[in-house]
Structure formats: C-alpha cells, structure tokens
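Read through the structure below, which is laid out as structure tokens, and then see the notes.
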Amino acid sequence: MSHSALHVALTNRCPACGVGSLYRGILTLADRCSQCGLSFAAHDSGDGPAFFAITLLGFVIVGFATWLEFAFRPPIWLTLLAATLLLFALTPVCLRFFKSYLLALQFKHHRLQQEEDI
Ligand SMILES: [Zn+2]
C-alpha cells in the first residue's frame, strides 16, 4: 500500500510502508527504508525542492518583514534579524517537505522501482 504524497511529505516516512524514515540526517536521505528495504538511491529531485522552498519562503519572509515593519516600526536591524531567524527556522522544514513530496511522486509513478531494475 502506498501513501499519498502529502502524507509522505508531512510525516517524512517511506512512501511504500509509511513506517521507515526517509532521512538519516536533517536533509540527507537514507539509502533505503529501514522497515521495508525500499531503495531511495534512485531518487533525484534535482533543484526541485530548493526552487519550491525559495519561491514559498520568499513570499512568507518578505510578507513577514513587511508586516513587522508596518505594524511595529522596529529598527531595521531588528526586522532583518527577525526575518533572517525565521528564514533559518523555516528553510529545513520546507526543504524536507518538498524533497519528501517529490520522492513520493517519483515512487507513485514507479520511477524508484524502474531505476532499481536497470
Ligand atoms: Zn518502507
């Protein structure tokens, strides 16, 4: 049974069994699922996760900085510091989400299995 791409992206679990973790570090994919043995070696999302994260976080961070500036009129260094901290906090979360989502889509469309057969 495969899980939906959104479920995989939100839980960072294997798209095949839904139990094994996709990652062995913050952003490093595991070689294979610890539960069912599905290989993640064929997964290659390229720059996809970075593109989607930059696009989404650009809107979020600029929107946050604009809101902060107009709502509270803090010193500019405080706005930049707050926006930078928010960026550092959200970047790994977004990258993991989109990386997992793209991996789940590749699994759904049988790309992971096809690469293993070659
Ligand atoms: Zn698995």
Using the structure shown, decide if His3 is surrounded by 12 or more Cβ atoms within 10 Å (Cβ to Cβ), within 15 Å of Phe98 (Cβ to Cβ) and within 16 Å of the ligand (Cβ to nearest atom). no
Can we say Thr66 is of a type in the set (Ser, Thr, Tyr), away from the ligand (no atom under 15 Å from the Cβ), within 12 Å of the chain's Cα centre (by Cα) and farther than 15 Å from Leu102 by Cβ? no
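Here's the yes/no breakdown for (1) surrounded by fewer than 16 Cβ atoms within 10 Å (Cβ to Cβ); (2) of a type in the set (S, T, N, Q); (3) in contact with a Lys or Arg (Cβ under 9 Å, 6 or more places away or on another chain); (4) under 30 Å from Pro15 (Cβ atoms):
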site: Arg73; (1), (2), (3), (4): yes, no, no, no
site: Ile76; (1), (2), (3), (4): yes, no, no, no
site: Thr79; (1), (2), (3), (4): no, yes, no, no
site: Phe88; (1), (2), (3), (4): yes, no, no, yes
Qualifying positions in the stretch 94-117 - modelled with pLDDT of 80 or more and either of a type in the set (S, T, N, Q) or within 17 Å of Cys36 (Cβ to Cβ) (or both): Ser100, Leu103, Ala104, Gln106, Phe107, Lys108
For the stretch 28-38, check the following and say yes or no: at least one residue is away from the ligand (no atom under 14 Å from the Cβ) and at pLDDT below 95. yes
Would you check if there is a residue in the stretch 11-20 being surrounded by 12 or more Cβ atoms within 10 Å (Cβ to Cβ), of a type outside the set (Ser, Thr, Tyr), in contact (Cβ under 8 Å) with a residue 60 or more places away in the chain and within 23 Å of Leu87 (Cβ to Cβ)? yes
Checklist (1) under 13 Å from Arg96 (Cβ atoms); (2) more than 13 Å from the ligand (Cβ to nearest atom) applied to Arg13, failing item: (2)
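The values are calculated or read from the model by the stated rules, or taken from the named source; none is laboratory data. Since this is a predicted model, take the numbers as computed values, not measurements. Cβ: placed from backbone, ideal geometry, glycine included. Neighbour counts: every protein chain shown.
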